[in-house]
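Novice: Below are the structure tokens for one structure; questions will follow.
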Amino acid sequence: MGVRWPRPATGAVVLLAAAALAGCAYTYDDGLPPLGDRSPSSAPAPTPSRLPRQRFLPPSDAASDPPPEEWSASMLTSWAEASLPDSDGLSFSFGYGIARPDQPVLATAFVPTGTLVLEYACRGAATAHLSLTISGSGVVDSDYTCGRVWVRSIVVPENSIAEVRAAAVNDDPAAYAYRIVKR
């Protein structure tokens, strides 16, 4: 039995369908000029993220800053409030202090069920360590580069007690601040 070729009428229908479909194209208008005609200023401004990954802190003049262990209480308080302002959302815990070598600092706070945000900043050392435990389960346990704000979303399965532990890294004391907030 040989190869069976389609009848000429079937071939014509297939060719017409292919020609009709080849003419279809999806188009949309993104409100921008064509790609070759765009200038850098014609791009729309990016919308700010609700949860920025990093926010850099204002630079400090390291030569004039005393080491963190010599900061006064008012210096520490003003730095912490400026670094992590209570401006967006409902704050459940806010703490700050000086983490010294071999002397981790522990703070506890009640946190409600839901998705919360942990904000953390440090200053005075290259890095500092932060760990967050909720109801005995480790959620965050990392070293962080100082001089910027770190933001991390956390999920609290039920009303719990959060334990925040700040520690110095490499024998370098560091000022730290943290805030747990619901946005």
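Novice: Figure the gain on full extension for THR113 and ASN170 (residue separation times 0.36 nm, minus the Cα-Cα span) and round it to one decimal in nm.
Specialist: Answer, rounded to one decimal: 17.0 nm.
Novice: How high is the FRET efficiency between SER137 and ARG100 when r is their beta carbon distance and R₀ equals 35 Å, given to the nearest 0.05?
Specialist: E(calc), rounded to 0.05, equals 0.85.
Novice: May I pose another question? Sort the stretch 68-149 into rounded, prolate or oblate with this rule: let a ≥ b ≥ c be the square roots of the eigenvalues of the Cα gyration tensor; rounded if a/c is under 1.5, and if a/c is not under 1.5, prolate when a/b is larger than b/c, oblate otherwise.
Specialist: It comes out oblate by the Cα gyration axes.
The numbers here are math on the coordinates, done by the rules we state, and not lab data. Quick caveat: nothing in here was measured; it's all calculated off a predicted structure. Heads up, the Cβs are rebuilt from the backbone with ideal geometry, glycines too, and the neighbour counts pull from every protein chain shown.
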